[in-house]
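Just so you know, all these numbers are worked out from the coordinates, no wet-lab data involved. Just so it is clear, the structure is predicted and the values come from calculations on it, not from any experiment. Cβ: placed from backbone, ideal geometry, glycine included. Neighbour counts: every protein chain shown.
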Amino acid sequence: MQYLNANWFIQWIVDKGVPESTVILILMIPVVVTVIAFFRQIVGIKAFGIYTPAMITFAFLSIGLQPGNTILNGAKYGIFIFAVIVIVGILSRTLVKKFRLLYLPRMAIVITLVSLATLAVLVLGGSLQRTGLASVSIFPIVIMITLVEKFVATQIEKGSRIAIILSLETLVISLVAYFLITWPPLVQIVRDYPWVVVLTIFVNIFLGHWSGLRITEYFRFGKLIK
Amino acid sequence: MFFRNKTILGINARNLLYIRPNNLKSAKKLADDKLRCKRILKKAEVPVPRLIKSIKSREELENFDFNSLPNSFVLKPNFGFGGEGILVVYGRKKGRENVWVRADRSQVTEDDLRNHIKNILDGYYSRLDTPDFAFFEERIQLYKGFKPYVFRGVPDIRIIVYNHVPVMAMMRIPTEASGGTSNLHRGGIGVGIDMATGVTTTAIQYDKVIERSPNGLLLSGIKIPQWTEILKLAIKAQNISKLGYLGADIAIDRNRGPVFMELNARPGLSIQNANQEGLLLRLNRVEGLKIKTIRRGVALAQNLFGGEIEDEIENLSGKRIINSTEKIMIIGRNKREIRTEAKIDTGAGFTSIDTSLAKELGYEETLEKFNEIYQQSGGWEKLKDKNSKTREELFKKVPFLADTAIIHSSHGTSYRPVVKLKIIMDKVTIPALVTIIDREHLKFPVIIGRRNLKQFLVEVK
């Protein structure tokens with residue numbers, strides 16, 4: 001049993017009846033949000049705040065951990081569903097725009113269309129014998145559909161260009177975070193020394209005081225830097 | 001790569017070192033509340049767009065009489081940000097009740113306005129999605145001098161004020177890409193401004209340097225009117241709002257002059273690219289200074305952050321320095337004014353203007369008559385054998401013709417009509433005799449020749 005070499009702390013929680021995978025996942029949350037904070041403060045990749053990329057990461061994880069799926073499949077199907085949702089979101093928004101509706105009803109229609117499209121994707125997955133895609137559980141799907149509101153709201157506020165850029169950034173950060181938290185050595189470290197997770201607090205204190213230029217700003221202001 | 005940079009202000013440093021310690025929560029709250037800002041600024045005698053009516057609830061919306069609206073107005077969400085949710089109306093649609101027209105000629109009905117106001121009230125455009133107010137205000141009329149550069153909408157001037165000193169400024173010009181808003185991330189143009197003179201310098205679109213506006217005009221060298229007044233307003237707004245790190249947005253109304261539009265507690269950083277200079281150095285230079293009066297703040301801004309070289313040479317020689325292309329205004333018959341760009345051509349004696357320009361300036365008849373006689377008398381081939389007296393006699397009856405001229409150029413010799421008009425260049429009015437010729441295939445509709453360049457030195461780049 002893999003539990004044997006686990007840290008006493010995790011062992012203790014598991015003995016209380018909490019599944020080990022849940023414990024590891026929860027301990028990974030600080031890692032994921034720190035990755036997102038790092039990308040924002042040091043790299044300069046914004047994405048849709050902290051909540052959306054974190055959720056998308058766990059949506060990928062949920063797909064990847066499904067019986068029969070591999071880590072790579074999680075990313076593949078995740079990206080596919082993500083892309084479908086964003087594209088259908090853009091299309092249905094332009095469609096609904098013509099009716100000049102109030103915000104919430106309008107958003108409701110967009111989410112309806114996106115949901116139906118997601119359903120079609122699952123059916124498609126099934127008919128192509130991609131059972132991993134067809135049997136994706138409801139959790140990651142619901143999470144990804146809520147992405148649409150973020151996307152459409154940004155599209156209205158800041159224009160399509162920014163919305164698409166932020167979606168791609170969200171996707172990139174989520175993928176990086178996803179591959180990081182499924183990286184066996186890291187999983188092993190968290191399992192053996194769960195207290196390392198506390199270190200992320202210090203990392204974030206550093207990030208919160210960092211007043212240097214972000215990497216993207218070196219490109220943005222490139223010519224002005226002597 | 002991670003060494004502290006000393007010239008550029010990045011987002012992290014702006015938030016951590018400038019906004020957080022200098023812009024207190026209460027001041028930020030005021031900046032976000034447009035109606036309150038308007039009231040407080042107005043009380044301090046800062047000119048603001050006139051409030052037409054505010055709508056604070058659905059009930060007020062039901063009771064509002066849309067007939068009472070003027071022909072043109074702006075509808076805004078009170079807690080809106082980044083220019084979102086702003087609806088600009090230019091006039092009423094003729095013959096239809098309560099239908100207005102927007103800048104892109106699309107129509108807005110009373111129902112559209114109601115819907116938009118409902119969305120605003122629901123908090124859709126407010127920063128935190130909280131319920132909001134909507135208000136109608138006076139629309140700023142485009143200042144004539146900016147007209148050639150603007151696709152639609154009104155440019156505004158953004159000034160960063162820190163420690164009571166305006167440190168950097170830019171003009172934001174709406175473009176077709178930005179849909180008439182002056183938002184830089186939507187594709188508006190940002191043009192840097194020399195702090196001493198209020199004359200534009202370098203320009204950017206999407207953070208990339210550009211030289212000309214989409215319709216081909218040079219973006220440098222535009223003179224912002226009432227510049228010191230604008231600087232004063234910006235400092236005054238900082239004193240009133242208590243925003244230690246302020247982005248002041250000021251527009252220029254055709255009739256009213258500078259009008260204060262908005263306080264911004266989190267001004268963007270692209271202004272550095274527009275000016276091709278970092279903010280951090282400038283901020284450091286005014287750090288810790290004790291500035292007691294608005295006048296002192298203006299003087300410091302102009303002395304510290306203005307380019308002085310040109311002024312110095314101008315003072316030495318008594319001549320004005322111009323570039324090889326300059327913006328000019330031509331005044332023709334009946335005070336008809338045309339703004340355009342001219343090439344300064346020291347190789348030419350006469351100043352020449354394009355035929356279509358001459359027509360617009362009121363010389364259509366002159367040209368017609370001149371050409372008629374020119375054709376009748378057999379063109380230059382025949383005319384060149386006559387002496388100047390007889391030629392003068394021939395064209396005597398052409399209206400508003402001042403003279404005729406024989407011009408030898410690389411294209412051969414031509415015989416042209418000459419008219420008298422006024423040219424305003426670099427703030428100097430020059431009475432000029434100009435020849436009229438078809439310049440349609442050429443880049444500039446006007447060349448200024450030696451005869452009219454006596455008061456200038458031409459800088460060749």
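When chain A is treated as a Gaussian network with alpha carbon springs shorter than 10 Å, the biggest mean-square fluctuation among A:130, A:191, A:93 belongs to A:130. Each of A:131, A:154, A:44 was scored by the projection of its Cα onto the charge dipole of chain A, and the greatest displacement toward the positive side belongs to A:154; charges sit on the C-beta of Lys, Arg, Asp and Glu. The Cα atoms of chain B give a gyration tensor whose axes a ≥ b ≥ c have a/c of 1.5 or more with a/b no greater than b/c, which makes the shape oblate. The charge dipole of the protein assembly as shown, taken about the Cα centre with unit charges on the Cβ atoms of Lys, Arg (+1) and Asp, Glu (-1), comes to about 1420 debye, rounded to the nearest 20. Let me know the shape class of segment A:80-194, please: from the alpha-carbon gyration tensor, a ≥ b ≥ c as square roots of the eigenvalues, rounded when a/c is under 1.5, otherwise prolate if a/b is greater than b/c, or oblate. Oblate, since a/c reaches 1.5 and b/c is not below a/b. The fewest-to-most ranking of A:94, B:355 by surrounding Cβ atoms within 10 Å reads A:94, B:355.
Taking a ≥ b ≥ c as the square roots of the eigenvalues of the alpha carbon gyration tensor, the protein assembly as shown is prolate, as a/c is not under 1.5 and a/b beats b/c. In a reduced charge model with +1 at each Lys and Arg Cβ and -1 at each Asp and Glu Cβ, segment B:234-280 shows a dipole moment near 180 debye about its Cα centre.
Please compute, for peptide B:11-17, the average count of beta-carbon atoms on other protein chains lying within 10 Å of each residue's beta-carbon.
5
Summarising the strand pairing of segment B:320-459, around 70 percent of its internal DSSP beta bridges are antiparallel.
Shown for chain B are no DSSP H helices, since none reaches 30 Å along its axis, judged by Cα atoms, with a mean Kyte-Doolittle hydropathy of at least 1.0. As a proxy for reagent exposure, A:21, A:115 were ordered by neighbouring Cβ count within 10 angstrom, fewest first; the result is A:21, A:115.
Each of B:205, B:281, B:355 was scored by the projection of its Cα onto the charge dipole of chain B, and the greatest displacement toward the positive side belongs to B:281; charges sit on the C-beta of Lys, Arg, Asp and Glu.
In segment B:251-308, which trypsin sites (Lys or Arg not before Pro) fall in coil by DSSP and have 11 or fewer other Cβ atoms within 10 Å? Loop-located and lightly packed - B:290, B:292. The GNM of chain A, with springs linking C-alpha atoms under 10 angstrom apart, assigns the highest mean-square fluctuation among A:125, A:44, A:212 to A:212. Restriction of the chymotrypsin sites (Phe, Trp or Tyr not before Pro) in segment B:94-172 to DSSP coil positions whose beta-carbon has at most 13 other beta-carbons within 10 angstrom yields no sites. Across peptide B:120-126, the average count of Cβ atoms from other chains found within 10 Å of a residue's Cβ is 2. Among A:107, A:55, A:28, the largest mean-square fluctuation in a Gaussian network model of chain A, built with springs joining Cα atoms closer than 10 Å, belongs to A:107. Sorting A:198, A:23, A:32 by the number of Cβ atoms found within 10 Å of their own Cβ, with the fewest placed first, yields A:198, A:23, A:32. The charge dipole of chain B, taken about its Cα centre with unit charges on the Cβ atoms of Lys, Arg (+1), Asp and Glu (-1) only, comes to about 1060 debye. Take every pair of alpha-carbon atoms less than 8 Å apart whose residues are at least six positions apart; their mean separation over the length of chain B yields a relative contact order of 14 percent.
Only helical runs count toward this figure. For chain B, summing -39,500 (n - 2.57) over DSSP H runs of n ≥ 4 and dividing by all residues gives -7000 deg cm²/dmol at 222 nm. Using the rule -39500 (n - 2.57) for each DSSP H run of four or more residues, divided by the residues of chain A, the 222 nm mean residue ellipticity is -24000 deg cm²/dmol. Peptide A:211-219 is shielded by partner chain Cβ atoms: per residue, an average of 6 of them sit within 10 Å of its Cβ.
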